[in-house]
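Just below is one structure, and these are the notes that go with it.
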Amino acid sequence: MKNLKTILIALLAITFITSCTTDNLDPSIEQEKSVEGSIQTTGDVKGILLGAYNRMTAMGYYGRNYIIFGEVRTDNTFANANSGRFVEPGRFKLQSSYADPYDAWFAMYRTIASANIIIGTDGAGLEGDLAEFNHYKGQALTMRALAHFDALKLFGQTHAGGTLGVPYVTEYKGNDLFPSRLTVDEVKTLIIQDLKDAKALMSTTYDDSLKQMFGSASPDALLSRVYLYFGMWPEARDAAKNVINTGSFSVMSKAGFVSSFATDGSSNTIFALAFSDTDNLGGNSLGFIYKGAVYGDIEVLENAQDLYEAGDVRGQGGILGMEGDMIRNLGKYPALNGFDDVNIIRYEEVILNYAEALWRINSADPNVLVELNKITANRGATALTSVNLDVILNERRKELMFEGFRFDDLMRNNRSIEKVDAKQGFDSAIPYGDNRLAFPIPDDEVNANSNIIQNDGY
C-alpha cells in the first residue's frame, strides 16, 4: 500500500485484520477478526480496536519517527549521522521521494482506517453492552482525531505560508478514493468535533487501569493540546481543568520521575502505547535511536543540557547522561530495544497547557505560578517567582524534552528554528513561514491521487 488511495482500496478487500490480545495488547499473541460481517459482539469491536492501537506503534508513527521529528528539527537535539537516520529531516532537506514522509503518512492513515471500521459500526445491532461499545467508539474517535492532528502538524501548511491541511478521512468504506486536502481550519474543526463526540460516548466504568487504551479523560486532555496549538485559550483552560478535576492523575515525584518511564500505568500517565519485551521495534526503537553505539543517531545539544540546574532530575544524572563525550537521553524510553510503554499523554503536559492558557487569558493570574511550580517542586528545580511567555515555553521544553513537543511549541508561537550549535544540520535559522517547516506529501500519494496538491518547494 503505497498511498492513501491504495490504503483505502486495500482495506476494502481485507478479509482479516490482525489485532493484539484483549488482555495485554501483546501482538505476539494474535487473533484474527474478520472485518466483513463478523463484527457481531462488543468483544469483536475491541479486537479491531486493539489492532488499531498496534498500528499507532509503527516505526513511522509513535514507535519512533513522529516523536523524533519533533526533536531533531529543534534546539534540543541533532542527528549525528552515525547510521544515517534522520539526517535529512534534521537538515530540513527532505524530498518527497524519501521514506521519512512516506512512513509517517502511511502509518497515520492506516491508523485512521482502522478507527473508521469501529466508528462506522452500528453498536445497537451488536451482542453485548451498548455502553461498552460506545466507550470503544469514543476511543476510535479519539484515535482518528489524534492521527489527523498529527498529520496536520507534519504535512499541513499551518506554519509554512499556506492554508492547506490534510485529507480528513471519516469512512472505512467511503466512495471518495481520491480525497482532497482540506484547509487547516476545516481540519481543525473536524478534529475538535471528533474529540467532543468521543468525550460524550466514554465512561470511567470502562477505563483501562494500565492506561494503555484511551480513557474517559483522554478527549479533554487532547482537546487541551489542540486548543493550545490553535490559540483557543479559554477552551484550552476548560479542557485541561476538566482533566485536573477528575482527581485521577498526579504530577510524578522527583524520586519516581526517571523510573516512571519504565513503569506501566504510572499515576501521571493519561495514555501510553503498550510495548513489551516480545512486542518491540528492536533496532528501530526510540531507545536505539537516542543512545548506544549501534545507532544512537540523536544526540542532545549543549544548549538543551544547559537548561537544567544542578539537582534537577531531568538533567545530568537523571534523564540526561553521557556516553563518551556525547550527551544522551538515557531516562526516557530507557529500554534499548523499545519494550517500555511510550507515553503519549502525560498529566504534566495538561498542567503546562492549563498554566499557559491561564497566562494567555490573564498574565497576572497568580494561579499560573501555582500550576508551574507543581512541576518544579517535583523535579528538584528552583520555584519560579515570575512568569512570561519565554518562561512558560522554557518550562515546557524542560519537562517535555525528547517527547516530540518542541517543534510544535516553536511553530504555534511563530518562532524560527534557531541555529544554536554548529552540530545542527542546517546552515542558518529556518524562519517562521518557510516552506521547509512542512513535510512534503509523499510522491506515491501525489502520483496516485490527482486531487492532492503538493506543498510548496517540493
Report, to two decimal places, the Cα Rg of the range 60-168 normalised by 2.2 N^0.38 Å (N = number of residues).
-> 1.34
Distance cut-off 44 Å, percentage of C-alpha pairs in the chain lying past it | 7 percent
What distance in nm separates the simple spin-label points at ASN245 and ALA429, each placed 7 Å from Cα in the Cβ direction?
-> 4.2 nm
With label points set 7 Å from each Cα along the Cα-to-Cβ direction at GLU418 and GLU309, the distance between them in nm comes to 2.0 nm
If you count, for each residue, the other Cβ atoms within 10 Å and average over each peptide, how do 264-274, 248-258 line up from highest to lowest?
-> 264-274, 248-258
Can you give me the pair-distance distribution of the range 153-217, C-alpha pairs, 10 Å bins, whole percents?
-> 18, 33, 31, 17, 1
Among the listed pairs LYS211/LYS398; LYS241/LYS419; LYS196/LYS374; LYS211/LYS291; LYS93/LYS211, which are separated by more than 31 Å between their Cα atoms?
-> LYS241/LYS419; LYS93/LYS211
Assuming a viscosity of 1.002 mPa s and a temperature of 20 °C, what translational diffusion coefficient in µm² per second does Stokes-Einstein assign to the range 282-329, Rh being the Kirkwood radius over Cα pairs?
-> 192 µm²/s
Karplus ³J(HN,Hα) for the range 311-328 (6.51 cos²θ - 1.76 cosθ + 1.60, θ = phi - 60°; Hz, whole; x = Gly/Pro) runs x, 6, 5, 7, x, 4, x, x, 6, 7, x, 10, 10, x, 9, 9, 7, 10
Length gain on complete extension for the stretch ASN394 to SER180, per 0.36 nm per residue less the alpha carbon to alpha carbon distance?
-> 73.3 nm
For ASN451 and ALA200 in one chain, what is 0.36 nm times their gap in residues minus the Cα-Cα distance, to one decimal in nm?
-> 87.0 nm
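Ignoring everything except DSSP H segments at least 4 long, calculate the 222 nm mean residue ellipticity for the chain; use -39,500 (n - 2.57) per segment, divide by total residues, nearest 500.
-13000 deg cm²/dmol
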Taking just the C-alpha trace of the range 332-458, give me its Rg and Dmax in Å.
-> 18.7, 56
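Values in this text are rule-based calculations from the coordinates and carry no lab data. Source: prediction; values computed, not measured. Cβ sites come from the backbone with ideal geometry, for glycine too, and all protein chains shown count toward neighbours.
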